[in-house]
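Colleague: What follows is a single structure, and I will ask about it in a moment.
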Amino acid sequence: MTRLDGKVCVVTGAASGIGRRIAEVYAQAGGLVAIADLKLEAAETVARQIRDDGGDALAVAMDVTDEAQVVDGIAKVIAHYGKVDVLVSNAGIQIVNKLTDFSLADWKKMLAIHLDGAFLTTRECLKDMEQRGAGGAIIYMGSVHSHLASKLKAPYVTAKHGLLGLARTVAKEAAGYGVRANVICPGFVRTPLVDKQIPEQARELGISEDEVVKNVMLKDTVDGEFTTVDDVANVALTLAAFETNALTGQSVVVSHGWFMQ
Ligand code: NAD
């Protein structure tokens, strides 16, 4: 198994779904994992579970859109574990609506979580990585929507495309001190984020929930299958453990062939 022994890994949005599975897989690989999430109680439950399973985890309260909370949260991780080696900027939400019905408040909320959150956590973790000069990995949770557009998802598609630009810039700026930056682009994964949008999309598009799954979400996959949290976590493990700048500034699409680069 690819190992992360002694590596300190911050995973945002790790109280649920994809982030939770990444945190668990990192801990199984020997990583010391900070479960950073808006929902502290849920983050504590995940951290406790990891410790009960023999791993090492710390829950950290963090709204990634709040500069002070990100600064404090990363400082707490460094005070506890002494450093940060890996950041997975994963926290995210989805709001679906027709562009003409989108409020500016919802647009800003989406960009704040996906882009401000990625920027703030990157900045705070990179400061430590630059100072120590021991290398590191920054991984952004993009989406097939980093490459393609879908109806009703204007801010999500915009933000996920934006993460490609951020990752490529970080790859250039941080290469000198051995930090790699990459984006994982999953297809649809059955998490609370997706379960919530199936009925919403059915309503907006005037079709059944079954049709949303078959004809919208999985229509262009090679096998009609959902991507799983394990699929995404295994890619996140490879990217975290990869040792050279050969693999940086890339997006890795994990989508059952929905999007082929
Ligand atoms: P999820 O709803 O299961 O988990 C998201 C987590 O993020 C939750 O624990 C939530 O509390 C946390 N969070 C939300 N806002 C936050 C904030 N401001 N600060 C800190 N934490 C916050 O969702 P998921 O499906 O696991 O999604 C995780 C990431 O994967 C998101 O960035 C999402 O866009 C991306 N993604 C998901 C899918 C999918 O199909 N599920 C596909 C591609 C990409």
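The values are calculated or read from the model by the stated rules, or taken from the named source; none is laboratory data. All of these numbers come straight from a predicted model, not from anything done at the bench. Positions of Cβ are generated from backbone atoms using ideal geometry, with glycine treated the same way; all protein chains shown enter the neighbour counts. The area values use the complete protein model at the heavy-atom level, side chains included, leaving out ligands, DNA and RNA. Shrake-Rupley method; radii C 1.70, N 1.55, O 1.52, S 1.80 Å.
Colleague: Work from the charge dipole of the chain (Cβ charges, +1 for Lys and Arg, -1 for Asp and Glu, about the Cα centre) and give the residue of Val144, Thr228, Thr12 farthest towards its positive end.
Modeller: Of Val144, Thr228, Thr12, it is Val144.
Colleague: A further question on this structure: Ignoring ligands, DNA and RNA, how do Arg51, Arg21 rank by accessible area with a 1.4 Å probe, largest first?
Modeller: Highest to lowest solvent-accessible surface, that is Arg51, Arg21.
Colleague: While we're on this one: State the percentage of accessible surface on the chain attributable to carbon and sulfur atoms; use a 1.4 Å probe and exclude ligands, DNA and RNA.
Modeller: Reported share for carbon and sulfur atoms: 51 percent.
Colleague: Here is a further query. Using the Karplus curve 6.51 cos²θ - 1.76 cosθ + 1.60 with θ = phi - 60°, what ³J(HN,Hα) values do you get for each residue of the range 43-50, in whole Hz, with x for Gly and Pro?
Modeller: 5, 5, 5, 5, 5, 4, 4, 5
Colleague: Could I ask something else about it? Amide H of Leu58: which non-local residues (sequence gap of 5 or more, or other chain) have their own amide H closer than 5 Å, using H built in the peptide plane?
Modeller: So Leu58 has HN proximity to Val33, Ala34, Ile35.
Colleague: Moving to a separate point now. Using square roots of five times the C-alpha gyration tensor eigenvalues, list the equivalent-ellipsoid semi-axes of the chain in whole Å, biggest first.
Modeller: Equivalent ellipsoid of the chain: 29, 19, 19 Å, largest first.
Colleague: Compute the Cα gyration tensor for the range 1-122, then decide on rounded, prolate or oblate, letting a ≥ b ≥ c be the square roots of its eigenvalues: rounded whenever a/c is under 1.5, prolate when a/b is larger than b/c in the other cases, and oblate in all that remain.
Modeller: prolate
Colleague: Using +1 on the beta carbon of Lys and Arg, -1 on that of Asp and Glu, and nothing else charged, what's the dipole of the chain about the Cα centre, debye to 20?
Modeller: 520 debye
Colleague: Mind listing the long-range amide H neighbours of Val179? Cut-off is under 5 Å, sequence gap 5 or more, other chains count too, H placed in the peptide plane at 1.01 Å from N.
Modeller: Gly136
Colleague: Something else now. Expressed in nm to one decimal, what extension gain is obtained for the pair Lys108 and Asp230 from 0.36 nm per residue of sequence separation less their Cα-Cα distance?
Modeller: Between Lys108 and Asp230, full extension yields 40.8 nm more.
Colleague: Calculated FRET efficiency, Arg132 and Ala79, Cβ-Cβ r, R0 22 Å, to nearest 0.05?
Modeller: Calculated value: 0.90.
Colleague: Among the lysines, which fall within straight-line cross-link reach of Lys76, defined as a Cα-Cα distance under 29 Å, with same-chain neighbours fewer than 8 residues apart omitted?
Modeller: Candidates past the 8-residue exclusion: Lys7, Lys39, Lys108, Lys109, Lys127, Lys160, Lys172.
Colleague: Here's something else I'd like to know. Could you let me know the centre-to-centre spacing of the range 207-261 and the range 56-111, using Cα atoms, in angstrom?
Modeller: 22 Å
Colleague: From Cα pairs below 8 angstrom and at least 6 apart in sequence, can you work out the relative contact order of the chain, rounded to a whole percent?
Modeller: RCO, the chain: 19 percent.
Colleague: Put one equal scatterer on each alpha carbon of the range 133-239, apply the Debye formula with no solvent term, and list log10 I(q)/I(0) at q = 0.12, 0.17, 0.22, 0.23 1/Å to two decimals.
Modeller: Debye curve over Cα of the range 133-239, log10 I(q)/I(0) at q = 0.12, 0.17, 0.22, 0.23 Å⁻¹: -0.49, -0.86, -1.22, -1.29.
Colleague: Quick one: length gained pulling Asp72 to Lys98 fully straight, 0.36 nm per residue minus the C-alpha distance?
Modeller: Result: 5.7 nm gained on full extension.
Colleague: Then there's this: For an R0 of 22 angstrom, estimate the FRET efficiency from the Cβ-Cβ distance between Arg123 and Ala246 and round to the nearest 0.05.
Modeller: The pair Arg123/Ala246 has a calculated efficiency of 0.30.
Colleague: Across the range 80-188, how large is the tail of the calculated P(r) beyond 23 Å, expressed as a percent of all Cα pairs?
Modeller: Result: 32 percent of Cα pairs exceed 23 Å.
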